[in-house]
Amino acid sequence: MIIFKTANELSNYLLKQKERGKKIGFVPTMGALHKGHISLVRQANTANDLCVCSIFINPTQFNNQNDFNLYPVTIEKDIEHLLENDCSVLFLPTLKEIYPKDYQAKHFELGRIEQLLEGQFRPGHFQGVCQVVDRLLEIIHPDNLYLGQKDYQQCMVVNRLLELTERKNEVALHMAPTVREESGLAMSSRNMRLNDGQLDKAKLIAKILFTIKENLPAATTIAELKNQASKQLEAAGFLVDYIEIVNAKTLESASDKNEPLIAIVAAYINEVRLIDNLLLN
Ligand code: AMP
């Protein structure tokens, strides 16, 4: 595995690889890698000649300074995991490489998607995500981009970014399934901030999502299912940003059980904000 720390060196290297006809798969991450990230690396490796993984904790997508300061960093272990999984290239940039002095922050017209769910509770978050992804795509020019369903709305936002920046023909976006612990808990770097008791409690999030899926066919209304789920989370002591059952294509509220539906949740255990989702039909 080659580790690049500068954008120029990486771009030049990848350009040469592309000239040789090599296909590039790209997995952007913020590190503290777990099996969810590694599943993306494996997918990229299988379907491409080169797998490029980036580790960069992007400050512009954090709307909470404390969350940024406490974001886990496990770089040595991350490198080991990537080596074990035959990742070809690791991009480990400094802040200046991603946002050089002359970097002009762009604004992306994301439309409705930016106002819903995560957009509502994390103002500015998706602009930050778009800034970093746009910059990384400019440096890497991958053929295939791998994101996790764990961040479902982020996948939709990045899809919109590809449309806006006319990259749809250049790079194909692949959404990989959420990897879960045996307990059902969606793997997340932020889980590292939870103690055993909190990890035990966190399982309830996935349990509730799976219960919604199970109960959907028999439920009279979607609202009833949603309200039950919300009450359960609150009763267990979560601070709930949202738990919604929405149209999976638009993320707008849904009332018809035959629409494509997704149950989607963001809730805090103490200071740690966890998100998860489940496609229902
Ligand atoms: P992050 O490092 O949290 O920014 O995540 C980097 C990528 O890994 C994103 O595309 C995430 O959606 C994806 N990812 C995070 N957790 C999981 C998971 N449990 N299963 C699958 N993909 C994941």
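In table form, for the structure just shown:
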| read-out | value |
| --- | --- |
| Qualifying residues in region 5-16 (those that are within 27 Å of the chain's Cα centre (by Cα) and either in a helix (DSSP H, G or I) or aromatic (F, W, Y) (or both)) - the one surrounded by the most Cβ atoms within 10 Å (Cβ to Cβ) | L10 |
| Number of positions in region 35-66 that are in a loop (DSSP other than H, G, I, E, B) and either surrounded by fewer than 18 Cβ atoms within 10 Å (Cβ to Cβ) or among the hydrophobic types (A, V, I, L, M, F, W, C) (or both) | 6 |
| Residue in region 168-183 that is closer than 30 Å to H107 by Cβ, assigned to a helix (DSSP H, G or I) and within 19 Å of the chain's Cα centre (by Cα) present | no |
| Condition met for K168 (open to solvent by 60 Å² or more (accessible area, probe 1.4 Å) and within 16 Å of the ligand (Cβ to nearest atom)) | no |
| Region 148-165 residues that are more than 14 Å from L278 (Cβ to Cβ), paired with ones that are near the ligand (Cβ under 8 Å from one of its atoms) (beta carbon under 8 Å, 6 or more apart) | Q154/L147; C155/L147; C155/G148; C155/Q149; V158/L147 |
| Complete set of residues in region 189-228 that are of a type in the set (S, T, Y) and within 16 Å of the ligand (Cβ to nearest atom) | S189 |
| So V27, is it more than 15 Å from the chain's Cα centre (by Cα), buried (at least 20 other Cβ atoms within 10 Å of the Cβ) and within 16 Å of N85 (Cβ to Cβ) | no |
| Tabulated pairs, region 179-208, first at positive phi and open to solvent by less than 20 Å² (accessible area, probe 1.4 Å), second at pLDDT 95 or above and away from the ligand (no atom under 13 Å from the Cβ), C-beta under 7 angstrom, 6+ apart or interchain | G184/K203; G184/K207; G184/F210 |
| Test for Q154: is it farther than 30 Å from F108 by Cα, part of a helix (DSSP H, G or I), open to solvent by 40 Å² or more (accessible area, probe 1.4 Å) and touching a helix residue (DSSP H, G or I) at 6+ places or on another chain (Cβ under 8 Å) | no |
| Filtered residue count, region 10-32, keeping only those that are in contact (Cβ under 8 Å) with a residue 60 or more places away in the chain and under 25 Å from T74 (Cβ atoms) | 8 |
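The values are calculated or read from the model by the stated rules, or taken from the named source; none is laboratory data. Being a predicted model, the structure only gives us computed values, none of them experimental. Please note: Cβ atoms are built from the backbone with ideal geometry, for glycine as well, and neighbour counts cover all protein chains shown. Note: accessible area is taken over every heavy atom of the protein model, side chains too, but ligands, DNA and RNA are not part of it. Shrake-Rupley method; radii C 1.70, N 1.55, O 1.52, S 1.80 Å.
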